[in-house]
Amino acid sequence: MDLEGQLFTIVDFQHVKPGKGGAFVRTMLKNIVTGKVIDRTFRSGEKVELVRLDDRKLQYLYRESDNFIFMDQETFEQVSVPESVVGDYADLLKEGEVVRVFFHDERPLVFELPFFIEYTIVKCEPGVKGDTVANVSKPATLETGAVIQVPLFVEQGERIRVDTRTKEYLERVR
C-alpha cells in the first residue's frame, strides 16, 4: 500500500468493534524500502491506495561494484539491482541462481532467494574425533564466500543444503 508517499506491506492487523463508536483496524505496517515497522490505526471508511508490485524471475550473472547484474528470464534483458536491495543475501548469491525480485515502477524493491540452495564447501577444518558430547559445530566457507556453522562430520568438498532465510545448515547432499 502507498501511505504518505512510501510503500508498506501489512504485517499484522486486528479489526476492533468497540461497544460505542465506529469500528477501526489496528495494523502493523512494514516499510518495503527501509524495513521499519510502524503501528497505524485506520478508522472505518478510511481509504488507502493499493500498490501492485511486478514479480520477476531473474538469473544472477555477476557483480559490478555496488550492483548485481541479473538476466530477466522472459525478456533476456540485463537488469541491475543495487546492493541495498540484495542486502544480507549477497554472500549466498551464486552465479546462475534464479531469484525473485519485486519491482515498483521499474525500480527493484524486494529481493528473494529460493528458501533452500545447495552449496559446495570450499574450506572447512576437520572435526576432532570424540568432540561430540553436545551439538558442536564448526565454521565452513561456502563457494560464494559465505561462512556458516556446520556439524563436525561435514568435510571440505562436500555439498550441503542451506536454508537461505536463516543461513543455517540443513543436510548433506549426495
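At-a-glance table
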quantity	calculated
Residue match in the stretch 86-95 (condition: exposed (fewer than 12 other Cβ atoms within 10 Å of the Cβ), not charged (D, E, K, R) and not assigned by TED's automatic domain parsing to the domain that holds residue 30)	yes
Which listed residue, of 85, 79, is assigned to a strand (DSSP E or B) and in contact (Cβ under 8 Å) with a residue 12 or more places away in the chain	79
Selection within the stretch 65-76 - touching a residue at least 24 places away in the same chain (Cβ under 8 Å) and either among the charged types (D, E, K, R) or closer than 20 Å to residue 165 by Cα (or both)	68
Pick from the stretch 115-146, criterion surrounded by fewer than 12 Cβ atoms within 10 Å (Cβ to Cβ) and at pLDDT 90 or above, ranking: farthest from residue 68 (Cα to Cα)	139
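This table checks each residue for (1) within 19 Å of residue 96 (Cβ to Cβ); (2) surrounded by fewer than 12 Cβ atoms within 10 Å (Cβ to Cβ); (3) not hydroxyl-bearing (Ser, Thr, Tyr).
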residue	(1), (2), (3)
1	no, no, yes
6	no, no, yes
27	no, no, no
64	yes, yes, yes
70	yes, no, yes
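The values are calculated or read from the model by the stated rules, or taken from the named source; none is laboratory data. None of these values were measured; they are calculated from a predicted model. As a convention, Cβ positions derive from the backbone with ideal geometry for all residues, glycine included, and neighbour counts pool all protein chains shown.
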